[in-house]
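Novice: Quick one: the structure is below, and I'll ask about it shortly.
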Amino acid sequence: MSSEPQSKEASLSALSADPQFVAMCTAVQALRYRAADRAAFDSVAPFELTGLDLSARVTAGETPFEARLRAAVAARGGDESALYVATVKAHDSDASVEQLIALYAPVALTASGDLTDDGAVITPASAEESLYLALSLFKYCVFGETNHVTRALFQRTLTYLFMHTAAAVLRFTKAGAEVQAPEGSAPSADATPLADLLDACRSGAADRNNAVLNSVRKIDAAGLAGESSKLSAVVRQQQMSLNRAIGSIATARAQFGDETKQLAGFVALLSVCVTVFYGWMLYRPVLWARMRVPLAVCALTTAAVVLAVTGVAIVRPVERFEQDYAEGFCNAAGECEAAMEAWASDAARQAYVSTLDATAALTKRELDTRNDVLSADLAAISQRVNATDIEYRDALFSFNRVRQAKRFVVMTLAVALFLMVIVLMGAPRSVTVGLHVAAAVVILLVATLVYRGNAQRSRGNWNIVYHPGPDDI
C-alpha cells in the first residue's frame, strides 16, 4: 500500500537532504563570471540594477530576466522545446503558481547543468531558452512539497540560486555604466552584480515596491477576523435566543392546553354545584333541609380554598417563561470553552494561511466569504427570531387569556359557594336576594376587567397592535 508522502520540515537542513537541491547547488556553484559565457547572451540587453523590479521572483509572473530572454528566443526563431512552449503558454494564459509548479514537478537539473523532464534530457534550441527554463525551474521547483509554509521557505531559498545564475551569465549596468564583474571568479554576496541583485531582492521584500506585500498590507486580517468573531458571537447569541423562544412557544402551547382543560372542568363543576344546590332547594326541599349542615361545611371549606389559591394566582405576574432576546454571548462560566476553541482553531488556520504572501488574496477571500456567510446566517436567524417573537406573543396571550378566564370561573364558583352557605344558614329572603344581586354586580365587574386584561395584558403600550411584517416571515 502506498502511503501519503510526509511533509518536509520547514528548515534548510531538511532542504539540504534533498538530492535534487544538492544537484542544483552543484550546477550553480560551477558558474563563473566569464566573458565567453556572457557573449552567448549578447542578444539580451543589459539590465539596470538601480530600481530593478524583482517582485515577480516567486509569483506566476515573469521577472525582467525572463521577459527579455523570452523576447530573445522569439527573435531568434527556431524549434523550441516542448517545456518552453508549455511554459510560455502558461504565462500567456495567466496560469496560477500552482499550475506552474505542477508543470515543473517532473523537471530536474543535474549537477552537470543539464535539464531533464521525467529523466529525458531537454535540448533547448538556444542559450536564451536554456537559461529561461533554468530560471523557471528555480522559481517553480518545490521538491514535491505540499505544505504551504515549507513550500514558501523552499521558494525563498531557491531565489538565491535564481539570482546567482542570472548574475553569472547576464550583463548589468549601474547608473548607465556597465558593471565589470571580476573575470573567472564565482558570484558572491559581497561582489556586484550579485550583491546589487540581492539588495534589490531584499528591498522588494521590505519596501513598498513589492506588489504582493502591498496587497497583504491592504488586508486588515485582524479587523476581518475581529469582525468575523463578532458576527459569529451574534449568530450564536441569536441562535440560542431562537432555541429558547421555540422552547417557550412549545411550553406556552402546552400550558394553553392544560388551562383549557382546567377551564372546562371548573365550568362543569360550577354548573353541577349550582344546579344541584338550587334544584334541591326548589324541587327537593326535604332532602335539602336534611343536608343543610354537610352542604354548608363542604361549601365553606371549598370556597375558602378556591378563593385563597385563586387570589394568589391573580396577583402574580403574567407568566413569561424564558423569553430573552438580548442575552449576552458566553456570559455564564463554563459555557465558553467550546465556542472559544472553535474560533481559536479557525483563527489559527487563517493565520497559518496568511503567513504566505502568495496566498494573501486567498486569506482575504476566505475571511470575506466567512463574513458574508455569517452575515447571511445572522439575517436569516434575525428574521426567524422576529417571526418567532410574534408567534411567541400570540401563544403567550392565548395562554394568559384562558388562564384568566379559568380564574374568573373559579372565583364565580367560590362566590356561588358562599351564597349557598348564606342560604343554608337561613338568612332572611331580602338579605339573600340582596347578596345575590351584589354578587352578580361584582361578577360582571370582574368579568369586564378580565376581558380588558386578556386583550391588553403584558404590553407596554395598550394602543400597539402587533402584526408581522414582510421581513418577519
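Novice: From the list 83, 69, 31, exactly one residue is of a type in the set (A, V, I, L, M) and in contact with a strand residue (DSSP E or B) (Cβ under 8 Å, 6 or more places away or on another chain). Which is it?
Specialist: After ruling out the rest, the residue left standing is 83.
Novice: Is there any pair linking a residue in region 106-130 that is among the acidic types (Asp, Glu) to one that is part of a loop (DSSP other than H, G, I, E, B), with Cβ under 7 Å and at least six apart or on different chains, and which?
Specialist: 117/106; 118/106; 128/41; 128/43; 128/44; 129/80; 129/81
Novice: Taking region 264-292 as the search range and keeping residues that are in contact (Cβ under 8 Å) with a residue 12 or more places away in the chain and within 60 Å of the chain's Cα centre (by Cα), which one is surrounded by the most Cβ atoms within 10 Å (Cβ to Cβ)?
Specialist: Filtering first and then ranking leaves 266.
Novice: For region 1-34, give me each residue that is modelled with pLDDT under 80 and assigned to a loop (DSSP other than H, G, I, E, B).
Specialist: Those that are modelled with pLDDT under 80 and assigned to a loop (DSSP other than H, G, I, E, B): 1, 2, 3, 4, 5, 6, 7, 8, 9, 10, 11.
Novice: Further, regarding this structure: Could you figure out which of (1) under 19 Å from residue 163 (Cβ atoms); (2) in contact with a strand residue (DSSP E or B) (Cβ under 9 Å, 6 or more places away or on another chain) isn't true of residue 59?
Specialist: Here residue 59 clears every test but (2).
Novice: Let me ask another. Confirm whether residue 215 is in contact with a Lys or Arg (Cβ under 9 Å, 6 or more places away or on another chain), within 30 Å of residue 374 (Cα to Cα), assigned to a helix (DSSP H, G or I) and modelled with pLDDT under 85.
Specialist: yes
Matching residues to (1) farther than 24 Å from residue 233 by Cα; (2) surrounded by 19 or more Cβ atoms within 10 Å (Cβ to Cβ); (3) modelled with pLDDT of 75 or more:
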{"position": "368", "(1), (2), (3)": "no, no, no"}
{"position": "389", "(1), (2), (3)": "no, yes, no"}
{"position": "401", "(1), (2), (3)": "yes, no, yes"}
{"position": "404", "(1), (2), (3)": "yes, yes, yes"}
{"position": "422", "(1), (2), (3)": "yes, no, yes"}
{"position": "436", "(1), (2), (3)": "yes, no, yes"}
{"position": "453", "(1), (2), (3)": "yes, no, no"}
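Novice: Please state which one of 53, 37, 42 is under 23 Å from residue 152 (Cα atoms), modelled with pLDDT under 90 and either of a type in the set (A, V, I, L, M) or not in a strand (DSSP E or B) (or both).
Specialist: Being under 23 Å from residue 152 (Cα atoms), modelled with pLDDT under 90 and either of a type in the set (A, V, I, L, M) or not in a strand (DSSP E or B) (or both) holds for just one of 53, 37, 42, which is 53.
Novice: Looking at 109, 133, 153, 83 in this structure, which one is surrounded by 14 or more Cβ atoms within 10 Å (Cβ to Cβ), touching a Leu at 6+ places or on another chain (Cβ under 8 Å), within 23 Å of residue 14 (Cβ to Cβ) and modelled with pLDDT of 85 or more?
Specialist: 109
The values are calculated or read from the model by the stated rules, or taken from the named source; none is laboratory data. This structure is a prediction, so every number in the text was calculated from the model and none was measured. Cβ sites come from the backbone with ideal geometry, for glycine too, and all protein chains shown count toward neighbours.
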